Amino acid sequence: MNPIALITGATSGIGRATALKMAGNNYDVIITGRREERLVELKNAIEKSFSSKVHLLAFDIREKEAVSQAIDSLPEKWKDIQVLVNNAGLAVGLNHIQDGEVDDWERMIDTNIKGLLYMTRRVAPLMVEKGDGHIINVGSMAGKEVYEKGNVYCATKHAVEALTKAMRIDMLKDNIKVTSISPGLAETEFSMVRFKGDKDKADKTYKGYTPLTGDDVADVIVFTINLPAHVNLNNIEITPRAQANSFYKHIND
Ligand code: NDP
Ligand code: 8X3
């Protein structure tokens with residue numbers, strides 16, 4: 001068997017691209033997400049192009065019991081997880097705090113913070129047991145800065161930053177690498193989810209400049225994982241050339 005990587009949120013965007021590139025780098029991959037048909041399609045695509053093995057787990061990361069059951073259900077050899085990419089996440093809504101939808105806030109907190117914690121709580125002990133492993137947390141530029149109407153999404157990604165630092169300290173003696181990667185604007189399904197299916201608003205987000213793609217972010221994740229065992233990239237910020245930070249974007253057409 002190849003080394004094993006578990007990628008959450010592999011049905012779309014950054015997670016899907018990461019699963020494909022990890023398979024291309026001779027990892028066997030465990031792919032997760034809620035949309036099972038997409039996981040099946042991705043499994044077929046990987047098996048068609050690479051010799052890697054694929055195991056799929058369809059569950060909602062917000063459900064603690066579902067996360068536990070999914071990890072428990074893994075055949076013993078699939079529990080030897082070398083890399084965990086905590087990628088599943090979302091922004092829902094873009095409102096001033098006084099107009100925010102409490103249900104949106106809960107979806108973001110439950111997915112981006114609690115879901116990441118549930119996964120880590122079940123997978124990290126498997127790594128600690130063997131004294132080796134690498135956890136990549138997908139944060140955001142929204143975890144570095146706070147922008148107008150970003151309130152709760154930014155707070156969840158600040159939490160990812162804090163948890164990344166905490167994990168690195170807590171598992172230092174166990175040889176577990178922990179990295180956070182903080183992308184800026186990447187064209188995926190992210191904005192369709194944020195704007196609740198409003199395609200015009202979603203498309204506008206990426207107009208007039210060249211945004212990152214899921215592949216761009218996945219390339220950096222794979223680079224990070226492939227570094228020598230004694231080297232860790234603690235935190236990576238990646239933006240399109242046209243974006244300096246959360247506030248400055250250069251629109252050129
Ligand atoms: P996508 O919407 O394309 O992908 C999000 C993934 O997360 C999907 O596979 C989705 O799977 C999964 N997911 C969402 N909710 C749940 C849930 N409750 N249970 C299980 N899986 C879930 O967006 P991106 O690829 O852009 O987002 C990936 C990560 O990157 C997120 O954490 C996001 O915050 C972060 N990010 C994105 C940026 C961007 O500009 N695109 C920039 C910075 C960070 P499914 O719906 O099938 O469950
Ligand atoms: C996604 C990027 O700028 O919409 O995390 O917060 S941004």
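Distances longer than 26 Å among the Cα atoms of the chain: what percent of all pairs is that?
Working: 11572 of 31878 pairs.
The answer is 36 percent, as a whole percent.
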Are there DSSP H segments in the chain that both extend 15 Å or more along their axis (alpha-carbon positions) and score a mean Kyte-Doolittle hydropathy of at least -0.5? List them, or say none. 13-24, 116-130, 151-170, 214-225
Which ³J(HN,Hα) values in Hz, rounded to whole numbers, follow from the phi angles of the range 230-246 under the Karplus curve 6.51 cos²θ - 1.76 cosθ + 1.60, where θ = phi - 60° and Gly and Pro get x? 8, 10, 10, 8, 6, 8, 10, 9, 9, 10, x, 4, 7, 10, 7, 6, 5
How large is ³J(HN,Hα) for each residue in the range 106-112, as worked out from phi by the Karplus curve 6.51 cos²θ - 1.76 cosθ + 1.60 (θ = phi - 60°), to whole Hz, x for Gly and Pro? 5, 4, 5, 5, 5, 7, 6
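In debye, nearest 20, what is the charge dipole magnitude of the range 144-245 about its Cα centre with +1 on Lys and Arg Cβ and -1 on Asp and Glu Cβ, if you could check? Kindly include the intermediate steps, with their values, before the conclusion.
Values: 14 positive and 14 negative charges, 48 e Å.
Taking the Cα centre of the range 144-245 as origin, the dipole is about 220 debye.
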Which whole-number percent of Cα pairs in the range 1-126 have a distance greater than 23 Å? 31
Can you return the aspartates and glutamates within cross-link range of residue 207? Criterion is Cα-Cα under 17 Å, with same-chain partners fewer than 8 residues away left out. 187, 189, 198, 253
Under 5 Å, built H, 5+ apart or other chain: amide partners of residue 30: 5, 6, 7, 55
Give me, ordered by chain and number, the residues 5 or more places off residue 236 or on other chains with an amide H under 5 Å from its own placed amide H. 180, 181, 182
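Considering only DSSP beta bridges whose two residues both sit in the chain, what percent are antiparallel, to the nearest 5?
Roughly 5 percent of the DSSP beta bridges within the chain come out antiparallel.
Would you mind checking the pairs 77/173; 165/249; 114/165; 64/114; 21/114 and listing those with alpha carbons more than 20 angstrom apart? Walk me through the numbers before you get to the answer.
Details: 77/173 25 Å; 165/249 28 Å; 114/165 16 Å; 64/114 9 Å; 21/114 27 Å.
Cα-Cα > 20 Å for 77/173; 165/249; 21/114; rest within.
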Which distance in Å, rounded to a whole number, links the C-alpha centroids of the range 141-191 and the range 1-80? 22
List the chymotrypsin sites (Phe, Trp or Tyr not before Pro) within the range 66-156 that DSSP assigns to loop and that have no more than 15 neighbouring Cβ atoms inside 10 Å. 147
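If you put +1 on each Lys and Arg Cβ and -1 on each Asp and Glu Cβ, how big is the dipole of the range 83-136 around its Cα centre, in Debye rounded to 20? Walk me through the numbers on the way to the answer.
On the way: 5 positive and 8 negative charges, 79 e Å.
Roughly 380 debye for the range 83-136.
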Using +1 on the beta carbon of Lys and Arg, -1 on that of Asp and Glu, and nothing else charged, what's the dipole of the range 4-238 about the Cα centre, debye to 20? 300
Given 153, 218, 116, which one lies farthest toward the positive end of the charge dipole of the range 4-238, if we put +1 on the Cβ of every Lys and Arg and -1 on the Cβ of every Asp and Glu? 218
How many angstrom lie between the Cα centre of the range 81-115 and the Cα centre of the range 214-229? 24
So what J values fall out for the range 91-97 if you push phi through Karplus, 6.51 cos²θ - 1.76 cosθ + 1.60 with θ = phi - 60°, rounded to Hz, Gly and Pro as x? 10, 10, x, 8, 9, 4, 4
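No lab work stands behind these numbers, since they all come straight from the coordinates. Keep in mind the model is a prediction, meaning the values are calculated, not measured. Don't worry about glycine lacking a Cβ; one is built from the backbone with ideal geometry, like all the others, and counts go over all protein chains shown.
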